[in-house]
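Right, one structure below, let's go through it.
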Amino acid sequence: MQITGIEKQKKKSDRYNIYIDGIYCFSADLEDIIKYDIKIDRNISEKELTTLIQECEINKGYRYALNLLNIRDYSKKEFVDKLKQKGYSENSIEIIINKLQEYELIDDFKYANKFVRKKINMNKLGRVRILNELKIKGVNNNIVEKIDFNEDEMFKNAYDLALKKFKAYKNSKDALIKVARFLYYKGYTNEEIKKVLQKIDKEIEWE
């Protein structure tokens, strides 16, 4: 087999289509072309071609992953899903993920802790909903169980949310039921909700 064409892609200035025996075979970045000595008239065996295609795919996938990390953090499962959606092979995905983990660019424990802090501080979510969201993102149960929740902070958030919501209902008697439903939706436990409502019930002057 022989490399017969290297054609620059129109939409992506840094990627090129590689042709083998006059037929499109795979694409590569300019960096890959230089690194792997991809050039016209080069003879290449089937084994070499298979390796070359995979190496170019892995490099492309790794660059794609780095671009994603410039936007936000991802769990391991999210990365795997993203790569699958892009059509990367299972073998390439495994190598890309291992490389990301090797450079500590993927760390589900750090990801989970950062995720929890954001959900508590910015979204005021409760433990139940946060843990459910982490599971959806594929964070291992062993990691989830190690997450430290500050009980005082969680109670304060629940109380602040409940008080604000309660006042919006103009102190009517059924307000406590509505507030309880709201806190349940936000992911607070039954015990937390009970304590918050008891505190509000004692502090509020009923009309």
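The values are calculated or read from the model by the stated rules, or taken from the named source; none is laboratory data. Remember, it's a predicted structure, so these values are computed and weren't measured experimentally. Ideal geometry is used to build each Cβ from the backbone, glycine not excepted, and the neighbour counts take in all protein chains shown.
Reported count of residues in the stretch 63-77, each being without any contact (Cβ under 8 Å) to a residue 60 or more places away in the chain, touching a helix residue (DSSP H, G or I) at 6+ places or on another chain (Cβ under 8 Å) and under 24 Å from ASN141 (Cβ atoms), is 2. Scanning the stretch 38-58 for residues that are within 18 Å of TYR88 (Cα to Cα) and buried (at least 19 other Cβ atoms within 10 Å of the Cβ) turns up LEU52, CYS56, GLU57, ILE58. When the residues of the stretch 162-194 are filtered to those that are in contact with a Phe, Trp or Tyr (Cβ under 7 Å, 6 or more places away or on another chain) and not acidic (Asp, Glu), the one that is modelled with the lowest pLDDT is ASN171. The residues of the stretch 120-151 that are farther than 17 Å from LYS110 by Cβ and not in a helix (DSSP H, G or I), listed by number, are MET122, ASN123, LYS124, LEU125, GLY126, ASN150.
Between VAL80, VAL139, VAL128, the distinction of being touching a residue at least 12 places away in the same chain (Cβ under 8 Å), among the aliphatic types (A, V, I, L, M), farther than 26 Å from ASP160 by Cβ and touching a Ser or Thr at 6+ places or on another chain (Cβ under 7 Å) belongs to VAL139 only. Looking across the stretch 21-37, not a single residue is surrounded by 16 or more Cβ atoms within 10 Å (Cβ to Cβ), among the aliphatic types (A, V, I, L, M) and out of contact with any Phe, Trp or Tyr (no Cβ under 8 Å at 6 or more places or on another chain).
Restricting the first member to the stretch 97-119 and to residues that are touching a residue at least 12 places away in the same chain (Cβ under 8 Å), and the second to residues that are of a type in the set (D, E, K, R) and not in a helix (DSSP H, G or I), the beta-carbon pairs closer than 6 Å and six or more apart or on different chains are TYR111/ASP73.
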